[in-house]
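Chemist: Submitted below is the structure of interest, expressed as structure tokens.
Nothing in this text is a laboratory measurement; each read-out follows from the coordinates by a stated rule. All of these numbers come straight from a predicted model, not from anything done at the bench. For neighbour counting, all protein chains shown are included, and Cβ atoms are generated from backbone atoms with ideal geometry for every residue, glycine included.
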Amino acid sequence: MSGPIALIDCNNFYVSCERVFDPGLVGIPVIVLSNNDGCAVARSDEAKALGIKMGEPLHLIRDKVRRHGIKVLSSNYTLYGDMSRRVVDALHAFSPRMEVYSIDETFVDLSGFGGRMADQAADMRAAVRTLTGIPTCVGIGPTKTLAKLANHAAKKNPVFHGVADFTEKRVRDYCMPRIAVGEVWGVGSRTEAKLAAQGVKTVVELRDMPLSLARKVGTVVLERTVAELQGVRCIDIEDVEPQRKGMAVTRSPGKPIADVDTMVSAVTAHATRAAEKLRHHGLVAGAITVFFHTNPHRPDLPRRHASKSVTLKPMSADTFDLVEAAVRCVRAAWRDDKPYGYTKAGVMLDDLLPAEAAPRTLFEFGRERNVRLMGALDAVNDRFGRKTLVLGSEGFRKDWHLKAEMRTPRYTTRIAEVPVIRV
DNA sequence: TCTGGGGTCCTAGGACCC
DNA sequence: TCTGGGGTCCTAGGACCC
């Protein structure tokens, strides 16, 4: 039961999704921005070659964008989420056991696969490419950490043609001295700096570190990483979705929020969305936290980080309950002593349970009616688009809304936006 | 001068991921 | 002018208990 593991990772996923529907984007530098059109979160190979970094703020690269004619797109998560589902569907034919790790990565258990692993992987790439149009790379290894590392090698080194197999010692021995520790899954910049102080710079050096020292430098997390690099499996494939612990909806408004009414309106929208997410997952929440804070990049302006939590009794996924609690939190946390301009606000839900597992209370008269009302609300918004029906306190003001000035159509999920081909 | 021992639970903060 | 959003896990330290 411990055959090799493959990691299939989509190349420049958001950019690749856009290219499927607009071939004019192929071969040119393209970047996709984060929410609010803030930072570059996906880059085509051509954009990477121009030196655009992951997470770089758009306002710092305006010049480069103009000079090189880089195509800039707002993010279209509806499209990417749907394309991600299609990629996973294509992979289902290959193995019964897989873990969808993120929107663009899936681990696949290769136990029982015969023949050369690399040939199987090539078949998976071809299937995904044919069925979705998305290019991928595959890494194979005896552990998840080695599969991730193999994937990195497959992406960076053209000799692999998109598939690197780290179950082969020869391949590991070639790659591991050439890769920096910071590329290892679980080693971030802080740990990288601590390892450098120990003289550990490459993946081989990390692999050959004594486990006890790894634990001292990092925590059990780093110790596990070293064991996994040695081929000892510590992190298993999670093919059943674990119970979520919390859930959040946070946004940066298009311009700073300076008055309590606008904050109430924004937080109402976030709580509404959070309630929708809860119901979509069949969960209820036991606690809600509202927070808002000023721009941390502007030390010259009045700074404040406000947050307020309340428990939800009974536990709930009802939009009215959540909005009412959230608005109470806003009013409790609001201050007028200085002219604050809040650049981020959010709602976080905790103590989540499946709705059927939630404790019953004495005060449930009339709740059945609300469950039906929420069902009707979701049905309308599913059919006619999010925000067709909203609560009054969200209002019609738009001044806190996100920026998304360069978003492409939702080609695959909105009938009005499906591409039309004329022949 | 001396001031038990051991356990659980909760929270805040750090680090990391995509 | 302009810097994303949504998660997980681990640890240390405090409160509390017997």
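Chemist: Return a whole-number percent for the relative contact order of segment A:116-232, with Cα pairs under 8 Å and 6 or more residues apart as the contact set.
Modeler: On the way: 154 pairs, mean separation 25.0, N = 117.
The value is 21 percent.
Chemist: Pull out the extension gain between A:Asp378 and A:His293, defined as 0.36 nm times the separation in residues minus the alpha carbon to alpha carbon distance; nm, one decimal.
Modeler: 27.6 nm
Chemist: Mind listing the long-range amide H neighbours of A:Ala317? Cut-off is under 5 Å, sequence gap 5 or more, other chains count too, H placed in the peptide plane at 1.01 Å from N.
Modeler: The list, which skips near neighbours in sequence, is A:Ala285.
Chemist: Turning to a different aspect of this structure: Given a Förster distance of 45 angstrom, what is the FRET efficiency for A:Lys169 paired with A:His281, based on the Cβ-Cβ distance and rounded to 0.05? Write out the running numbers ahead of the final one.
Modeler: Values: r = 43 Å, r/R0 = 0.96.
Rounded to the nearest 0.05, the efficiency is 0.55.
Chemist: Long-range amide H contacts for A:Thr136: which residues qualify at under 5 Å (H placed 1.01 Å from N, peptide plane, sequence gap of 5 or more or a different chain)?
Modeler: Placed amide hydrogens put A:Asn11 under 5 Å from A:Thr136.
Chemist: Let me ask something else about it. Would you work out the charge dipole size for chain A about its Cα centre, treating the Cβ of every Lys and Arg as +1 and the Cβ of every Asp and Glu as -1, and quote it to the nearest 20 debye? If you can, show how the numbers build up before the last one.
Modeler: Values: 62 positive and 49 negative charges, 208 e Å.
Dipole size: approximately 1000 debye.
Chemist: Once phi is turned into ³J(HN,Hα) by the Karplus curve 6.51 cos²θ - 1.76 cosθ + 1.60 with θ = phi - 60°, what whole-Hz value does each residue of segment A:254-261 show in order, with x for glycine and proline?
Modeler: Computed from phi, the couplings for segment A:254-261 are x, 9, x, 9, 10, 10, 5, 5 Hz.
Chemist: Which aspartates and glutamates, on any chain, are close to A:Lys194 with Cα under 15 Å apart, when same-chain ones fewer than 8 places away are left out?
Modeler: Filter leaves A:Glu183, A:Glu205, A:Glu223.
Chemist: Also, I was wondering about something else. Order A:335-343, A:315-323, A:22-30 from most to least packed using the mean count of other Cβ atoms within 10 Å. Please report the intermediate quantities before stating the final value.
Modeler: Numbers: A:335-343: 13.6, A:315-323: 23.1, A:22-30: 15.3.
Top of the packing list down: A:315-323, A:22-30, A:335-343.
Chemist: Using Cα springs under 10 Å in a Gaussian network model of chain A, which residue among A:Ala326, A:Ala93, A:Ala121 shows the largest mean-square fluctuation?
Modeler: In the Gaussian network model the winner is A:Ala93.
Chemist: Subtracting the Cα-Cα distance from 0.36 nm times the residue separation, let me have the gained length for A:Asp259 to A:Leu391 in nm, one decimal. Walk me through the numbers before you get to the answer.
Modeler: Details: separation 132, 0.36 × 132 = 47.52 nm, distance 1.95 nm.
Computed gain between A:Asp259 and A:Leu391 is 45.6 nm.
Chemist: Charges on Cβ only, +1 for Lys and Arg, -1 for Asp and Glu, centred on the Cα centroid of chain A; of A:Ala6, A:Phe292, A:Ala248, which one is farthest towards the dipole's positive end?
Modeler: A:Phe292
Chemist: If you take every residue apart from A:Asn36 with its C-beta less than 11 Å away from the C-beta of A:Asn36, what net charge results, scoring Lys and Arg +1 and Asp and Glu -1? If you can, show how the numbers build up before the last one.
Modeler: Working: positive: A:Arg251, A:Lys255, A:Lys344, A:Lys403; negative: A:Asp37, A:Glu405.
That works out to +2.
Chemist: Could you work out the relative contact order of chain A, using alpha carbon pairs under 8 angstrom and six or more residues apart, expressed as a whole percent?
Modeler: Numbers: 724 pairs, mean separation 67.9, N = 423.
Answer for chain A is 16 percent.
Chemist: Once the Cβ-Cβ distance between A:Ser2 and A:Asp22 is put in as r, and R0 is 45 Å, what FRET efficiency do you end up with, to the nearest 0.05? Write out the running numbers ahead of the final one.
Modeler: Details: r = 43 Å, r/R0 = 0.96.
After rounding to 0.05, the efficiency reads 0.55.
Chemist: Students often forget the sequence filter, so: which lysines lie under 24 Å Cα-Cα from A:Lys313 once same-chain residues fewer than 8 apart are removed?
Modeler: Result set, ordered by chain and number: A:Lys245, A:Lys277.
Chemist: Pick from A:Arg407, A:Arg383, A:Arg19 the residue whose mean-square fluctuation is largest in a GNM of chain A, springs joining Cα atoms under 10 Å.
Modeler: Evaluated over chain A, the most mobile residue of the options is A:Arg383.
Chemist: While we're here: Net charge near A:Phe384, counting Lys/Arg +1 and Asp/Glu -1 over other residues with Cβ under 12 Å of its Cβ? Could you put the intermediate results ahead of the total?
Modeler: Values: positive: A:Arg383, A:Arg386, A:Lys387, A:Arg414; negative: A:Asp378, A:Asp382.
Here the count lands on +2.
Chemist: In sequence order, what are the phi-derived ³J(HN,Hα) couplings for segment A:7-22 according to the Karplus relation 6.51 cos²θ - 1.76 cosθ + 1.60 with θ = phi - 60°, rounded to whole Hz, with x for glycine and proline?
Modeler: So the J values, rounded to whole Hz, are 10, 9, 10, 6, 6, 6, 3, 5, 5, 5, 4, 5, 5, 4, 9, 9.
Chemist: Pull up all non-local amide H partners of A:Phe166: gap of 5 or more, or a different chain, and H-to-H distance under 5 Å with H placed in the peptide plane.
Modeler: So A:Phe166 has HN proximity to A:Ile140, A:Gly141.
Chemist: Along segment A:223-239, what does the Karplus equation 6.51 cos²θ - 1.76 cosθ + 1.60 (θ = phi - 60°) give for ³J(HN,Hα), rounded to whole Hz, x for Gly and Pro?
Modeler: 4, 5, 4, 5, 4, 5, 5, 7, x, 8, 6, 10, 10, 8, 6, 9, 8
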